[in-house]
Amino acid sequence: MTDGVEGLFARTEEFPNQAAQARLTALVGLDETKDRLVADAVVLLDPTFISDWSTRVHGQVIPAVRALLDRTPLFIFAGDVGVGKTELAEVLGQAIARESDTDVTLYPLSLTARGRGAVGEMTTLLTRAFERVSKDFARARRANGKAVAMGVLLIDEADALAQSRELAQMHHEDRAGVNALLRGIDGMRTDKLPVLTILCTNRIGAIDPAVSRRAASVVMFERPTHAQRAALLTRLLACTKLQASDIDELAAATGSRAGCDYGYTYSDLRQRLVPEIALSAYRRGVAVDMAIALEVTARTPPTRPFDLAG
Ligand SMILES: Nc1ncnc2c1ncn2[C@@H]1O[C@H](COP(=O)(O)OP(=O)(O)O)[C@@H](O)[C@H]1O
Ligand SMILES: [Mg+2]
């Protein structure tokens, strides 16, 4: 296709695959969240799992299960920059595929990257994205409700929608972007398509209440705790001279402290601090040690929280 629909998504990805499994395994501190979301997603996408259970243990599909099945397969991931929203959203399909033993396809759409500019452009992108996914999954469910394939539609950087809404109000236009999103989500629900929509945002306040009200789950992501920083640093600095006590000291040095009431994000540790520690040791031609780690930490401050950023 040449009308832009094929260029709509950054790249689709099929699960299960090994690279996604490795990324899933590398996530720290999200096990409980992940397990809960996966169980929930499987039930939302394939109701036969829970209705089979209900029939087995209750002899029928109980009303509580029917109420559960009325929900919209929509998750909202909110929280600061660099805390794992995109990462978990991109690999959740892997866990869903493993849990349900069903192939899952990810359709990633970033509103910032793709929808910059006019309100109308973002509206068109969203509409086309839902059309494409709806077409791909139109025949993905058997008559008994069993999903033969599942989809994850990731709408990342969804704050852009709110900006468009504010702009739209300024210009007395309608809430076209939000309405396109609502139409898409409601349409897939009405058609009972086995597609999970995940909306990621740095500001939960940016999400229209009409959207968040529909979400089966809203997850607030946080910066890592001391234990989570230590767990990540242990993995990232494995095979160096650093001992467990050094890692603990580094975890403390990357937390909040006097003069700075916020700690490092996951991406601060993984994409800035640890690579810089390695580079610094490399430039000196020596092994990574604690003196280098602390020196680099001192000159690599954490990212300011999003809502404080000016
Ligand atoms: N829970 C985590 N465990 C390990 N690494 C993480 C975790 N969360 C984020 N990261 C790392 O930080 C990077 C940025 O995370 P990302 O998901 O893009 O943040 P955002 O919340 O801004 O979408 C990821 O590529 C990953 O390397
Ligand atoms: Mg992100």
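Overview of results
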{"item": "Residue list for segment 238-254, filter: within 16 Å of ligand 1 (Cβ to nearest atom) and touching a residue at least 24 places away in the same chain (Cβ under 8 Å)", "result": "Leu250, Ala251, Thr254"}
{"item": "Segment 195-220 - residue that is open to solvent by less than 10 Å² (accessible area, probe 1.4 Å) and over 18 Å from Asp35 (Cα atoms) and, of those, nearest to ligand 2 (Cβ to nearest atom)", "result": "Cys200"}
{"item": "Candidate set: segment 185-194, residues that are assigned to a loop (DSSP other than H, G, I, E, B) and open to solvent by 10 Å² or more (accessible area, probe 1.4 Å); chosen: the one nearest to Leu153 (Cα to Cα)", "result": "Leu193"}
{"item": "Criterion violated by Leu8 - all others in (1) open to solvent by 10 Å² or more (accessible area, probe 1.4 Å); (2) assigned to a loop (DSSP other than H, G, I, E, B) satisfied", "result": "(1)"}
{"item": "Leading residue by the ranking (modelled with the lowest pLDDT) among those in segment 150-184 that are of a type in the set (Asp, Glu) and in a helix (DSSP H, G or I)", "result": "Glu166"}
{"item": "Residue within segment 221-236 that is touching a Leu at 6+ places or on another chain (Cβ under 6 Å), outside the structural domain of Val42 (by TED's automatic domain parsing) and not hydroxyl-bearing (Ser, Thr, Tyr) present", "result": "yes"}
{"item": "Residue in segment 233-253 that is in a loop (DSSP other than H, G, I, E, B) and touching a Pro at 6+ places or on another chain (Cβ under 8 Å) present", "result": "no"}
{"item": "Odd one out for Leu125, checked against (1) away from ligand 1 (no atom under 16 Å from the Cβ); (2) touching a Lys or Arg at 6+ places or on another chain (Cβ under 9 Å); (3) at pLDDT 95 or above", "result": "(3)"}
{"item": "Every residue from segment 27-51 that is more than 16 Å from ligand 2 (Cβ to nearest atom) and either aliphatic (A, V, I, L, M) or outside the structural domain of Arg139 (by TED's automatic domain parsing) (or both)", "result": "Val28, Leu37, Val38, Ala39, Ala41, Val42, Val43, Leu44, Leu45, Ile50"}
{"item": "Segment 70-89 - residue that is in contact (Cβ under 8 Å) with a residue 24 or more places away in the chain and more than 8 Å from ligand 1 (Cβ to nearest atom) and, of those, nearest to Pro194 (Cα to Cα)", "result": "Pro73"}
{"item": "Test result for Val219, aliphatic (A, V, I, L, M) and in a loop (DSSP other than H, G, I, E, B)", "result": "no"}
{"item": "Residue match in segment 83-97 (condition: at pLDDT 95 or above, more than 15 Å from the chain's Cα centre (by Cα) and surrounded by 21 or more Cβ atoms within 10 Å (Cβ to Cβ))", "result": "yes"}
{"item": "Pairs, first in contact (Cβ under 8 Å) with a residue 24 or more places away in the chain in segment 177-194, second open to solvent by 50 Å² or more (accessible area, probe 1.4 Å) and outside any helix (DSSP H, G or I), C-beta under 7 Å, six or more apart", "result": "Ile185/Arg214; Lys192/Arg141; Pro194/Arg141"}
{"item": "Ala22 vs. criteria within 16 Å of ligand 2 (Cβ to nearest atom) and surrounded by fewer than 23 Cβ atoms within 10 Å (Cβ to Cβ)", "result": "no"}
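The values are calculated or read from the model by the stated rules, or taken from the named source; none is laboratory data. Quantities reported herein were computed from a predicted structural model and do not represent experimental measurements. Every residue, glycine among them, receives a Cβ derived from its backbone with ideal geometry; neighbour counts consider all protein chains shown. Remember, those area values only see protein heavy atoms, side chains included, never the ligands or the DNA or RNA. Shrake-Rupley method; radii C 1.70, N 1.55, O 1.52, S 1.80 Å.
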